[in-house]
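Only one structure is covered here, and it is reproduced in the block below.
The values are calculated or read from the model by the stated rules, or taken from the named source; none is laboratory data. Because the structure is a prediction, the values reported are computed rather than measured. Positions of Cβ are backbone-derived with ideal geometry, glycine not excepted, and every protein chain shown enters the neighbour counts. Protein only, heavy atoms only, side chains kept; ligands, DNA and RNA dropped before computing areas. Shrake-Rupley method; radii C 1.70, N 1.55, O 1.52, S 1.80 Å.
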Amino acid sequence: MAAMKSRLSLLRPAAAVAVAILLTHPCPAAPEATAVESMRIKEGFRVERLYSVPKDKEGSWVAMTIDTKGRLICSDQYGGLYRLTPGATAEDTKVENIAVKIGQAQGLVYAFDSLYLVQANDAYEGRGLYRVRDTDGDDAFDKVELLRKFANEGGEHGPHAVVRGPDGKSLYVVVGDQTAVTEVDRSRVPRVWGEDLLLPRIYGRGFMKGVMAPGGWIARTDPDGKDWELVSTGFRNQYDIGFNREGEMFTYDADMEWDMNTPWYRPTRVCHVTSGSEFGWRNGSGKWPEYYGDSLPPVVNIGPGSPTGVAFGYGAKFPAKYQDAFYICDWSYGKLYAVHLKPSGASYAAEFEEFISAQPLPLTDIEVNPKDGALYFTVGGRRVQSGVYRVTYNGPEPVAVPDATPPSELAVRRRALEAYHLGPDERAVEAAWPSLGHDDRFLRFAARVALEHNPVATWQDRALAETNPRALLTALMALARVGEARLKPAIVNTLAAIPWDTLDAQGRLDLVRDYSLVFTRMGGAGESERTKVFAHLFGHYPSGDSRLDIELSQMFAYLDIPEATPRTMALLDAAPTQQEQIAYAKNLRLVKSGWTRELRERYFQWFLKAANYRGGASFGLFVADIKKGAVESLSADELASLKPIIEAQPEAKASPYTFGAREFVKAYSVKDFEDVIAAGLEGGRNFENGRNLFGVGTCYVCHRFDGNGGAIGPDLTGVGGRFSPRDLLESIIEPSKEISDQYGSVILSRKDGSQVVGRIVNLNGDTVMVNDNMLDPDSMVNVNQTEVESIKPSPVSMMPPGLLNMMSKDDVLDLLAYLISGGNKESDLFK
């Protein structure tokens, strides 16, 4: 959905609400929101449903805040505001309509004796930040002011949350990627954002095709909404933010579900929003990979979903671990996650767990009430049945306030550098330079941003003369982004002199990225630059690192290096995942040189195989766009001779990932491997075989691993740190023995006796949308909730058994070693 947005088509324009009559009433008899009995709740916690919103009268609630008296102020997506006073029980809970001409809020916060509201459509005075006040002290709001009007576009991907800043003096406003950045007085983000793509992108279905950088943004303002400072950019559709005890900002950004199973798909992700940060969202296939050094990576990828409200658990009467947790709401899959952050270098690492879930449970917002120490959440959105819930702890653990964790030395150092993100400062270059070559990516990023805020003339010579390879790459990245085009020859010469063997994996990626930025920002590549890049990089292609090979193939396609074409085709043929294959096919599509008849035939035959691949709603169109570009790059003679292959129709196949025929070996049990795994896996395993088997076994279809793969199942990149070889093997051989709530399916039984089995991924009014085929993310069955008799968890895993039965014992052990290594070819398991 993209924050309850793109899947929901949230925030349609609506007429202004009439002045409501103040009315207090107990919870009326009405259709009920999700029953607590159907929820999976973390042990020791209790959930109460306080209110089922009568949607015919009060709509469907999507935003919530808590006032100084502990009352909840909530907004209907398409209507007015309501105030809920929690009682000891649902029967004691009172709700009143707030008589004021404003509503349809995406964001609410009670701060500075005012209610601040973010409105995201054409109602009232349009999209913008509003302040609502009680001017006569009668406990009734009576004045509405528009503090800042936003651009007249955005709706479902527009303005969202407003949050009080950790300094107690400011507000932060969160806006998705469809609404242009408002006029700001200052920007911590250097105002040089661009698409920075070497090759033309493809768009698939073309959603928001004209929206360009900087994407979704976050800004800081004062309580009067007069002074504005841009803090961060590059999001898709982040809906809300939260600040930890140290004042660090975090958000939960949306995926683009239409991109699923493509190389540019990015799961929903928790991001540490630092000063001047850029997170690389670009439209269509143009999304920046996590490893691009001019952006920042997420703290943790969550998976497919629809991000909505977030909050830290501070003030809740919970055990320390859950007071410190960052709670994030997933609307479409009905998951409330607890994200456990821990300092890591200048940023954070994280693990997450399912805290509360149900299907359906369309979570919209979440807050801790300081008056009673309870956690409250709302469900609703897009006219589905709405409700308000309270979470308390009744387990045996103590609920004392946890001790504060002092910031790490690197975090302190990063914050010091961020002081130079507001404009030129004569101290900035000296302060930033020692951090340009640091191993910590967040520290390097902060240092580079400090440089970019200062006149290039004060540091360009130092950048070109730097001798530390890591610092040099960071400095040249800054120079490529903000320097004048006349510096292009000097930058290319300096990059070309960096010895390949002095760079680690990230350094090599940054080297290729630096070349790319020079060419996209400084007028392209002439013959001189083309020759230098070829001499510097081609001898290392292919590199054995799939991420680097994709970047190199893109660079050589851009430069039209004929010698690269057969090597890229060999990589396409050997790639174990459809994501890698699509990346190489996309990069080859516009290449005109280096082709032979045999290479062209192999290339177009790939499309026959790709026709059986599955992905999100844009998947087929993405593949078609790649083919269209390739056909258009052919000469008339080539087009005529290749016409039979180009027009050939694919044969439907059940398993496009199987590389050739494979014989049945054995129906394995865990006991078949006890002789090996009891003592632990030893070295000597085959990395390439394990990697290929991850594709042969169809693992990549559903699981993400080392940045590749699907998103229906859990990300397996860190599985070696969570499971022993025996436990991992057991979960593959016996997938239904223990099913994670997070990835389980449900059985929807209709009143007519029919059933639908799958995962609920979307809702629209009374319609529930169920993905009934985990191998095809776009396969949906619509079920009317009024026809549903029951919804129960399925006892059968969506992961099929028998996936190892076509492999030899050594194959299985190579696959296990590959998983446990996290994709690290240098692991001792392969020595």
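DSSP beta bridges confined to region 301-447 are antiparallel in about 100 percent of cases. Residues whose amide H falls under 5 Å from that of Gly44, counting only those 5 or more places apart or on a different chain, are absent, with hydrogens built in the peptide plane. Have a look at the DSSP beta bridges in the chain and tell me what percent are antiparallel, nearest 5. About 95 percent, rounded to the nearest 5.
For a quick check of your reading of the filter: which GluC sites (Glu not before Pro) in region 54-104 sit in a DSSP loop and have no more than 16 other Cβ atoms within 10 Å?
Glu91
Solvent-accessible area per residue in the chain equals 37 Å², computed with a 1.4 angstrom probe and all protein chains kept.
Amide H contacts of Ser277: Thr233, each under 5 Å away and 5 or more positions distant or on a separate chain (H built 1.01 Å from N in the peptide plane; Pro and chain starts excluded).
Computed over the chain, relative contact order equals 10 percent, with contacts defined as Cα pairs under 8 Å that lie 6+ residues apart. Helix 636-646: angle to the longest alpha-carbon principal axis of the chain, degrees 0 to 90, nearest 10? Between helix and principal axis, roughly 60 degrees.
So how strong a dipole does region 212-369 carry about its Cα centre when Lys and Arg Cβ are +1 and Asp and Glu Cβ are -1, to the nearest 20 debye?
200 debye
Matching the structure-derived Rg and Dmax of the Cα atoms in Å against the labelled list (i) 31.4, 106; (ii) 46.5, 146; (iii) 27.3, 83 gives the label (iii). Ranking Ile41, Val273, Ser344 by Cα position along the charge dipole of the chain, where only Lys, Arg, Asp and Glu carry charges on their C-beta atoms, puts Val273 farthest toward the positive end.
Each part reduced to its alpha carbon centroid, region 474-530 and region 539-610 end up 23 Å apart. When the Cα positions of Asn773, Gly154, Gly293 are compared along the charge dipole of the chain, Gly154 comes out farthest toward the positive end, with charges on each C-beta of Lys, Arg, Asp and Glu.
3J(HN,Hα) couplings calculated from phi for region 420-426 with the Karplus curve 6.51 cos²θ - 1.76 cosθ + 1.60 (θ = phi - 60°) are, in sequence order, 9, 9, 10, x, x, 8, 4 Hz; Gly and Pro show x. The phi-based Karplus calculation (6.51 cos²θ - 1.76 cosθ + 1.60; θ = phi - 60°) puts the 3J(HN,Hα) values of region 600-605 at 4, 5, 4, 4, 6, 5 Hz, whole numbers, x for Gly and Pro. The label-point distance for Ser593 and Asp545, in a model that sets each label 7 Å from Cα toward Cβ, rounds to 2.7 nm. Residues whose amide H falls under 5 Å from that of Ser344, counting only those 5 or more places apart or on a different chain, are Ala349, with hydrogens built in the peptide plane. Think of each Lys and Arg Cβ as +1 and each Asp and Glu Cβ as -1; about the Cα centre, that makes the dipole of region 512-670 roughly 360 debye.
From the helices alone, meaning DSSP H stretches of at least four residues, give me the mean residue ellipticity at 222 nm for the chain, per-run term -39500 (n - 2.57), in deg cm²/dmol to the nearest 500.
-7500 deg cm²/dmol
Quick one: with all protein chains in place, what share of the accessible area of the chain is carbon or sulfur, to the nearest percent (1.4 Å probe)? Roughly 50 percent, rounded to a whole number.
Of the whole protein surface, Leu296 contributes about 0 Å² of accessible area at a 1.4 Å probe radius. For the chain, a crude dipole built from +1 on the beta carbon of Lys and Arg and -1 on the beta carbon of Asp and Glu, taken about the Cα centre, is about 980 debye to the nearest 20. Report the one residue of Tyr116, Ala90, Phe141 whose Cα lies farthest in the direction of the positive end of the charge dipole of region 75-162 (charges on C-beta: Lys and Arg +1, Asp and Glu -1; origin at the Cα centre). The residue sitting farthest along the positive end of the dipole is Tyr116.
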